[in-house]
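The structure appears below as structure tokens.
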Amino acid sequence: RTEPVNPPARFAVQNRQRRFAVDPRELSAFLERIAADVAPGDHRTATLRIVSDRKIRELNRRFRDQDRPTDVLAFPFLPEEEAEYLGDLVVSADTAARQAQEVGVGLDDEIRVLAVHGYLHLLGYDHEQDRGEMERLERVLRLRHGLLRN
């Protein structure tokens, strides 16, 4: 009798900071559920790195010319049409913790909210140009997946 083979995880989650406890397996499973909801036929993989403000500031300066920390960065892999790899997401645990405190949610939920936001960017959504489409989708996903932050 053979055991069913689980498909490889679409999301590799790496905790690259030490200040806050993060569960990479849980975050990966959460993103799998989001992907099944938003892009069920898309099996491209992605990496989510949880980092410090210092690291995300360095990336923000290098790639966006903004010398300050930010909450989430998305780096799509190009060309989208033929790649099995969707891209990289980077979330600052420090900024997520501050934002979680400001809106009264837990750090885990805030990191999930930011990961969803970044994932949608990897899929090509752009809240700066889509007349609210991405924001509406984020709101629906937060409700469906039990994230209380609005």
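The values are calculated or read from the model by the stated rules, or taken from the named source; none is laboratory data. What you see is a predicted model, and the numbers here were worked out from it, not measured in a lab. Here Cβ is always computed from backbone atoms with ideal geometry, including for glycine, and neighbour counts include all displayed protein chains. All accessible areas refer to the heavy atoms of the entire protein, side chains included, with ligands and DNA or RNA removed. Shrake-Rupley method; radii C 1.70, N 1.55, O 1.52, S 1.80 Å.
Summary of computed values
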{"item": "Matching residues in segment 43-70 - criterion: being open to solvent by less than 40 Å² (accessible area, probe 1.4 Å) and outside any helix (DSSP H, G or I)", "result": "A46, T47, L48, I50, V51, S52, T70"}
{"item": "Filtered residue count, segment 106-136, keeping only those that are open to solvent by 30 Å² or more (accessible area, probe 1.4 Å), of a type in the set (A, V, I, L, M, F, W, C) and modelled with pLDDT under 95", "result": "1"}
{"item": "Members of segment 108-138 found to be farther than 19 Å from R33 by Cα and not small (G, A, S), listed by number", "result": "D126, H127, E128, Q129, D130, R131, E133"}
{"item": "Complete set of residues in segment 1-42 that are assigned to a loop (DSSP other than H, G, I, E, B), open to solvent by 100 Å² or more (accessible area, probe 1.4 Å) and modelled with pLDDT of 90 or more", "result": "R16, R18, R19"}
{"item": "Selection count where residues are touching a residue at least 60 places away in the same chain (Cβ under 8 Å), in a helix (DSSP H, G or I) and closer than 15 Å to L114 by Cβ, scope segment 138-150", "result": "1"}
{"item": "The one condition in (1) in contact with a strand residue (DSSP E or B) (Cβ under 7 Å, 6 or more places away or on another chain); (2) at pLDDT 95 or above; (3) more than 16 Å from D94 (Cβ to Cβ) that D53 fails to fulfil", "result": "(3)"}
{"item": "Hits in segment 81-127 - residues which are hydroxyl-bearing (S, T, Y) and either without any contact (Cβ under 8 Å) to a residue 60 or more places away in the chain or not in a helix (DSSP H, G or I) (or both)", "result": "Y85, S92, T95, Y125"}
{"item": "Odd one out for R149, checked against (1) modelled with pLDDT under 90; (2) under 20 Å from L59 (Cα atoms)", "result": "(2)"}
